[in-house]
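Participant: This is the structure, below, for whatever I ask next.
The values are calculated or read from the model by the stated rules, or taken from the named source; none is laboratory data. On a predicted model such as this, the values are computed, not experimentally measured, just so you know. Cβ atoms come from the backbone with ideal geometry, glycine included; neighbour counts cover every protein chain shown.
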Amino acid sequence: MSAQPWTVRPVPDEDWEAFRDVDAHAFGVGVPEDMEAQERELHKGGRGIGAYDGGVLAGIATAYSFELTVPGGAAVPAAGVSWVGVLPTHRRRGVLRALMTHQLHAVHDQGDEPLAILWASEPAIYGRFGYGLATRAYSLDVPRSATALQAGAPDDPGLRLRLVDAADWKAFVPVYDAVAAARPGVVRRDEPWWQRTVRDLASMRGAASPKRAVVAEDGDGVRGFALYRTEQHWDERFGKGDVTVQEAMAADPAALAALYRYLFDLDLMGHATVRVAVDDPVLHWLSDPRSAKPSLTDCLYVRLVDLPRALTGRTYATDVDLVIEVRDDLCPWNAGTWRLRATAGGDAACAPADDAPDLSMDVRELGAAYLGGTPVAQLADAGLVAERRPGSVTAASAALAHHPAPWTSWVF
């Protein structure tokens, strides 16, 4: 079949039902009735786009206006790409490429967001559009135990745990913002997105409990919070329920350990599942890490839309002066040779260069390394980055690295 010149244009708010229905066909499940009003409200603003086959809406995508924490603590504007789907009747005919190309060009032309970010329903899809895997996580399944954490894990006797209504999310904001200031990859939340985070709809529960919340606090206020559900199962002798942790965050290690002790030792539960950053302290606190069955998963994918703005929007761990050759077929304004200069923790500059490159890579690999969680040296070992000047891979890895590792706690 010959290539189809799809017409891509904004989907007006009044065509929400058609937009929603394409998503339902693409993902095999519709938007639950009790969720639709909130999702529709979040979509208002004209960033939904569609690929049309005559009068048929064949594919969709949208982008939310977010801010993403980058190394150094700055919040960089980012287009949060979501609701990407193609009708089953129009697969493998270039619809997705037409949507992705149109969206990236629109984000660039608008000029506000140097980055695009997304969670991938299928990891194999988005690399060809320049998105690099920038944050990962461990999924843990921790058997219930009063000694799930080692005796040496931090313990502050001044802390107390208190159950709260999950809808009282404003108590969580200072903790979330403190984590965001320290850890790249955190997507900042405004009130509508906090409301979406804590929503507790019947369609989301299944057989599980309402969404629960617990805070760790002292006399100065809340130092940590966790959102979770429980679902009970019984065997012939005892309860063997599931604890599913949506989010556990704390401003300090003692508060985080207190939350984990609570979540991993709830009465009548059999185990707790939680997704954590690849350097979360719990990986060192677990008495029996093997029994938690850690499984590495992919999280946030990052795409540089305005390369020099993106590279100068973050700080660097070491002084750096590198000439980088970048390939970018979808965003040709990024393609070429760029000189990146920065002082450790200080200002950075990035401008076109005529010098011979020190490194060559696709924009996808630059996105993967951007938040400091994927070392350039590992990409070079995988044959995805070419070193043109000896020592440049080591220099790039050191400069782009960041501790703590990037982490993205929620899917948008």
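Participant: Could you pull out the residue among ALA202, ALA148, ALA178, ALA207 that is within 26 Å of SER287 (Cα to Cα), of a type in the set (Gly, Ala, Ser) and out of contact with any His (no Cβ under 6 Å at 6 or more places or on another chain)? So that I can check it myself, show each step before the final result.
Facilitator: Working: ALA202 fails: within 26 Å of SER287 (Cα to Cα); ALA178 fails: within 26 Å of SER287 (Cα to Cα); ALA207 fails: within 26 Å of SER287 (Cα to Cα).
Answer to the check: ALA148.
Participant: Still on this structure, please answer the following. Looking only at segment 27-61, count every residue that is part of a loop (DSSP other than H, G, I, E, B) and either in contact with a Gly (Cβ under 7 Å, 6 or more places away or on another chain) or more than 26 Å from ARG189 (Cα to Cα) (or both) and tell me the total.
Facilitator: Taking segment 27-61 and keeping what is part of a loop (DSSP other than H, G, I, E, B), we get 28-32, 44-48, 54-55.
Narrowing the set further to residues that are either in contact with a Gly (Cβ under 7 Å, 6 or more places away or on another chain) or more than 26 Å from ARG189 (Cα to Cα) (or both) leaves 28-29, 54-55.
The number of residues fulfilling the criteria is 4.
Participant: Please note which strands (runs of 3 or more DSSP E) are completely contained in segment 334-412 and include at least 3 residues that are hydrophobic (A, V, I, L, M, F, W, C) and outside the structural domain of ARG189 (by TED's automatic domain parsing). Spell out the reasoning first.
Facilitator: On the way: elements: 336-342, 348-352, 359-362, 385-387.
Strands (runs of 3 or more DSSP E) meeting the threshold: 336-342, 348-352.
Participant: Filter segment 85-125 down to residues that are within 16 Å of the chain's Cα centre (by Cα) and buried (at least 23 other Cβ atoms within 10 Å of the Cβ) and give me whichever is farthest from PHE27 (Cα to Cα).
Facilitator: LEU115
Participant: Filtering segment 218-254 down to residues that are of a type in the set (D, E, K, R) and not in a loop (DSSP other than H, G, I, E, B), which residue is nearest to THR273 (Cα to Cα)?
Facilitator: From segment 218-254, those of a type in the set (D, E, K, R) are 218, 220, 223, 229, 231, 235-237, 240, 242, 247, 252; that's our starting set.
Of the ones still in play, those that are also not in a loop (DSSP other than H, G, I, E, B) are 218, 223, 229, 231, 242, 247.
Numbers: ASP218: 27, ARG223: 22, ARG229: 10, GLU231: 12, ASP242: 8, GLU247: 11 Å.
Of everything passing the filter in segment 218-254, ASP242 is nearest to THR273 (Cα to Cα).
Participant: Continuing with this model, one more query. Could you list, in sequence order, the residues of segment 181-236 that are touching a helix residue (DSSP H, G or I) at 6+ places or on another chain (Cβ under 7 Å) and of a type in the set (Phe, Trp, Tyr)?
Facilitator: Passing the criteria: TRP194, PHE225, TYR228.
Participant: Tell me which of these ARG47 doesn't satisfy, since it passes every other one: (1) exposed (fewer than 15 other Cβ atoms within 10 Å of the Cβ); (2) in contact with a strand residue (DSSP E or B) (Cβ under 6 Å, 6 or more places away or on another chain); (3) charged (D, E, K, R).
Facilitator: (1)
Participant: Restricting the search to segment 129-149, which residues are surrounded by 14 or more Cβ atoms within 10 Å (Cβ to Cβ), not small (Gly, Ala, Ser) and not in a strand (DSSP E or B)? Write out each step before concluding.
Facilitator: Of all residues in segment 129-149, those surrounded by 14 or more Cβ atoms within 10 Å (Cβ to Cβ) come to 129-145, 148-149.
Now restrict to residues that are not small (Gly, Ala, Ser): 129, 131, 133, 135-136, 138, 140-144, 149.
PHE129, TYR131, THR135, ARG144 - these are the residues of segment 129-149 that are surrounded by 14 or more Cβ atoms within 10 Å (Cβ to Cβ), not small (Gly, Ala, Ser) and not in a strand (DSSP E or B).
Participant: Please find, among ASP168, ASP141, ASP156, ASP177, the residue that is among the acidic types (Asp, Glu) and closer than 23 Å to GLY270 by Cα.
Facilitator: Numbers: ASP168 fails: closer than 23 Å to GLY270 by Cα; ASP156 fails: closer than 23 Å to GLY270 by Cα; ASP177 fails: closer than 23 Å to GLY270 by Cα.
On inspection, the qualifying residue turns out to be ASP141.
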